[in-house]
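Asks: What follows is a structure written as structure tokens; I'll ask about it next.
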Amino acid sequence: MRRGVRRGKIRELAACSNVHVKLGGLGMRMFGFTHHLGELPPNSEELAAAWRPYIETCTAAFGPERAMFESNFPVDKGSCDYVQLWNAFKRIAAGYSAAEKAALFAGTATKFYRVS
């Protein structure tokens, strides 16, 4: 499926106000990234560069108030390190406001899962 088609489908899904998106699991081999083939594990810059288009597409469509970063460990461990994964998310979110970062890293999940 072409990237533009996927963007359209993401926007279509985001139009449903009751739908939220978890941003993660991109370390799983089924997504087609080849980080697991490298001689060394990828650093956070490499992960951020690879994942940014997908994360930003979803964040733009859903907004930070309906998007949340998540780790898919231990499954993602086959492709990247836990710390590098979270540092990649920090790199991707670097240009976001403090409120947007707070939502993406904790606020949205706290509300969605009703954690007090």
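The values are calculated or read from the model by the stated rules, or taken from the named source; none is laboratory data. Keep in mind the model is a prediction, meaning the values are calculated, not measured. Cβ sites come from the backbone with ideal geometry, for glycine too, and all protein chains shown count toward neighbours. Side chains included, ligands, DNA and RNA excluded: accessible areas come from the protein's heavy atoms. Shrake-Rupley method; radii C 1.70, N 1.55, O 1.52, S 1.80 Å.
Asks: Among G24, G78, G38, whose mean-square fluctuation peaks in a Gaussian network model of the chain (Cα, cutoff 10 Å)?
Replies: Largest GNM mean-square fluctuation: G38.
Asks: What's the longest piece of the chain with no exposed trypsin sites (Lys or Arg not before Pro), counting a site as exposed if DSSP puts it in a loop and it has at most 16 other beta carbons within 10 Å?
Replies: Here the longest segment lacking exposed loop sites spans 3-113.
Asks: Suppose all protein chains stay in the model; what accessible area per residue would a 1.4 Å probe give for the chain, in Å²?
Replies: Accessible area per residue, the chain: 62 Å².
Asks: Below 16 Å Cα-Cα, how many Lys pairs turn up in the chain? Only count pairs eight or more apart in sequence, or on different chains, if you could.
Replies: Total qualifying Lys-Lys pairs in the chain comes to 6.
Asks: Can you tally the net charge around L104? Count Lys and Arg as +1, Asp and Glu as -1, for every other residue whose Cβ sits under 14 Å from the Cβ of L104.
Replies: +3
Asks: Which ³J(HN,Hα) values, rounded to whole Hz and listed in residue order, are derived for region 18-23 from phi using the Karplus coefficients 6.51, -1.76 and 1.60 in 6.51 cos²θ - 1.76 cosθ + 1.60 with θ = phi - 60°, glycine and proline given as x?
Replies: 8, 9, 10, 10, 8, 9
Asks: Membrane-span-like helices in the chain: DSSP H runs reaching 20 Å or more (Cα, own axis), mean Kyte hydropathy at least 0.0?
Replies: 44-62
Asks: Follow-up. Within region 45-79, whose backbone N sits under 18 Å from a point 7 Å along Cα→Cβ of R6?
Replies: The answer is 46-63, 68-70, 72, 76, 79, whose backbone nitrogens lie closer than 18 Å to the label point.
Asks: With θ taken as phi - 60° and the coefficients 6.51, -1.76 and 1.60, list the Karplus ³J(HN,Hα) couplings across region 99-109 in order, rounded to whole Hz; mark glycine and proline as x.
Replies: 5, 5, 4, 4, 5, 5, 8, 7, x, 5, 5
Asks: For V21, enumerate residues with amide H under 5 Å from its amide H, sequence gap 5+ or separate chain, H modeled in the peptide plane.
Replies: A67, M68
Asks: Of L13, L40, L85, which is the most mobile in a GNM of the chain whose springs link Cα atoms less than 10 angstrom apart?
Replies: It is L40.
Asks: Give the carbon-plus-sulfur fraction of the accessible surface of the chain in %, rounded to a whole number; probe 1.4 Å, heavy atoms of protein chains only.
Replies: Carbon and sulfur atoms account for 56 percent of the accessible area of the chain.
Asks: A further question follows. Between (i) -0.30, -1.12; (ii) -0.28, -1.35; (iii) -0.30, -1.23, which entry matches log10 I(q)/I(0) by the Debye sum over Cα atoms at q = 0.10, 0.21 Å⁻¹ as derived from the coordinates of this structure?
Replies: Given (i) -0.30, -1.12; (ii) -0.28, -1.35; (iii) -0.30, -1.23, the calculated one carries the label (iii).
Asks: Rounding to the nearest 20 debye, state how big the charge dipole of the chain is about its Cα centre with +1 on each Lys and Arg Cβ and -1 on each Asp and Glu Cβ.
Replies: Dipole size: approximately 460 debye.
Asks: Still on this structure: Between rounded, prolate and oblate, where does region 61-107 land on the alpha carbon gyration tensor, with a ≥ b ≥ c its root eigenvalues, rounded for a/c under 1.5, else prolate if a/b exceeds b/c?
Replies: Prolate is the answer for region 61-107, as a/c is 1.5 or above and a/b outweighs b/c.
Asks: Using the Karplus equation 6.51 cos²θ - 1.76 cosθ + 1.60 (θ = phi - 60°), what ³J(HN,Hα) coupling, rounded to whole Hz, does each residue of region 111-116 give in order, writing x for Gly and Pro?
Replies: Going residue by residue, I get 5, 4, 8, 6, 8, 9 Hz, with x marking Gly and Pro.
Asks: So how much accessible area does Y54 have, in Å² to the nearest 10, using a 1.4 Å probe?
Replies: 80
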